[in-house]
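Have a look at the structure below, then the notes.
The values are calculated or read from the model by the stated rules, or taken from the named source; none is laboratory data. None of these values were measured; they are calculated from a predicted model. Here Cβ is always computed from backbone atoms with ideal geometry, including for glycine, and neighbour counts include all displayed protein chains.
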C-alpha cells in the first residue's frame, strides 16, 4: 500500500481496489458457483473447495501485498464464505461489528508508526454493485470510535453503501461498524469473502481449514491454511507482484 492508500484505510476503515479479478475469471467463478448450486440460491454459500481458481484467489499476489501492510508478515486465512442476494432475498437490515471489549479480534490501533489489526475482510465482487443497490453498508471511521455501545440506524446520514464493479476488491476491518440492507438492484448481488487474521489468532475453529489442505497447490497456499500459533511460526514467503 502506498501512503495515500494507508491514509484512506486508516481514515475510513475500508478501501476499494479496482480490477483485481480478470473478467474471464469472474465469468468462470460465476459458472462454477451456479453449477454447484444447481438452481438454488442460498444467501450464504461455500466455494473454496469448488475449483483451484478459488485457492489461487486466496493467495493473490497483489492482495497479499496489501495484507502484508494491514496485518503483517504473520498472516493466515481464517475462513471464507460467499454472499448473494436478489430483491426476493429476505434480509434483516442491520449494523454490527465494531470494536470488541471482550477480545482483541475486532481491533484497530496505530502504534510504532504502523497499523495493527485483528480480523480483516477481503470482499471480491462477482457482480456489479451500483450506488443505492443495497447489500453492504458501513459507517466510515467507526473503527476508531470511542463509543462502542451505540450504532446509528441504517438510514442514518453516517451510513454509506459502497458501490463497486465485478472484479473489484473491497477490504475492511471487522472493527468497522458494518452490516447489510435489502437488495434493490435490478440484478443479483454475489461476492466472495476471504477473512484473514494475524498468525497467532483465529475467529473460526482452529481446524476449520484442514479439509482444504489437500487442495493446496504450493507452500504459500499451505502456509495460509496453517492453524494459529506463535512459537516457531515462520512468516509467509510473499510472491512478487
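Scan region 60-78 for residues that are closer than 19 Å to residue 218 by Cα, touching a strand residue (DSSP E or B) at 6+ places or on another chain (Cβ under 9 Å) and outside any helix (DSSP H, G or I) and jot them down. Within region 60-78, 60, 74, 75, 76, 77, 78 qualify. For residue 161, the requirement of being over 21 Å from residue 71 (Cβ atoms), in contact (Cβ under 8 Å) with a residue 12 or more places away in the chain and out of contact with any strand residue (DSSP E or B) (no Cβ under 8 Å at 6 or more places or on another chain) is not met.
In this structure, does residue 162 turn out to be in a loop (DSSP other than H, G, I, E, B), modelled with pLDDT of 95 or more and out of contact with any helix residue (DSSP H, G or I) (no Cβ under 6 Å at 6 or more places or on another chain)? Considered against the rule, which asks whether it is in a loop (DSSP other than H, G, I, E, B), modelled with pLDDT of 95 or more and out of contact with any helix residue (DSSP H, G or I) (no Cβ under 6 Å at 6 or more places or on another chain), residue 162 comes out as yes. Considered as a group, the residues in region 98-113 that are free of Cβ contacts under 8 Å to residues at least 12 places away in the same chain and assigned to a strand (DSSP E or B) include one that is farthest from residue 166 (Cα to Cα), and that residue is 111. Just one of (1) outside any loop (DSSP other than H, G, I, E, B); (2) under 15 Å from residue 188 (Cβ atoms); (3) touching a strand residue (DSSP E or B) at 6+ places or on another chain (Cβ under 6 Å) fails for residue 136. It is (3).
The one condition from (1) within 30 Å of residue 10 (Cβ to Cβ); (2) at pLDDT below 95; (3) exposed (fewer than 15 other Cβ atoms within 10 Å of the Cβ) that residue 56 does not meet is (2). Does residue 185 meet the test of being over 19 Å from the mean Cα position of the chain (by Cα), closer than 25 Å to residue 46 by Cβ, buried (at least 17 other Cβ atoms within 10 Å of the Cβ) and in contact (Cβ under 8 Å) with a residue 60 or more places away in the chain? In short, yes.
Within region 124-131, none of the residues are in a loop (DSSP other than H, G, I, E, B) and over 22 Å from residue 15 (Cβ atoms). When residues in region 27-50 are screened for being buried (at least 18 other Cβ atoms within 10 Å of the Cβ) and either touching a helix residue (DSSP H, G or I) at 6+ places or on another chain (Cβ under 7 Å) or under 20 Å from residue 241 (Cβ atoms) (or both), 3 of them pass. Report yes if some residue within region 16-25 is surrounded by 18 or more Cβ atoms within 10 Å (Cβ to Cβ), modelled with pLDDT under 95, touching a helix residue (DSSP H, G or I) at 6+ places or on another chain (Cβ under 9 Å) and part of a loop (DSSP other than H, G, I, E, B); otherwise report no. Taking every residue of region 16-25 in turn, none turns out to be surrounded by 18 or more Cβ atoms within 10 Å (Cβ to Cβ), modelled with pLDDT under 95, touching a helix residue (DSSP H, G or I) at 6+ places or on another chain (Cβ under 9 Å) and part of a loop (DSSP other than H, G, I, E, B). Within region 190-216, being touching a helix residue (DSSP H, G or I) at 6+ places or on another chain (Cβ under 6 Å) and either part of a loop (DSSP other than H, G, I, E, B) or surrounded by fewer than 20 Cβ atoms within 10 Å (Cβ to Cβ) (or both) holds for 215, 216. Here residue 134 meets each of (1) touching a residue at least 60 places away in the same chain (Cβ under 8 Å); (2) surrounded by 18 or more Cβ atoms within 10 Å (Cβ to Cβ); (3) at positive phi with one exception, condition (1). Residues in region 118-131 that are closer than 19 Å to residue 66 by Cβ, surrounded by fewer than 22 Cβ atoms within 10 Å (Cβ to Cβ) and in contact with a helix residue (DSSP H, G or I) (Cβ under 9 Å, 6 or more places away or on another chain): there are none.
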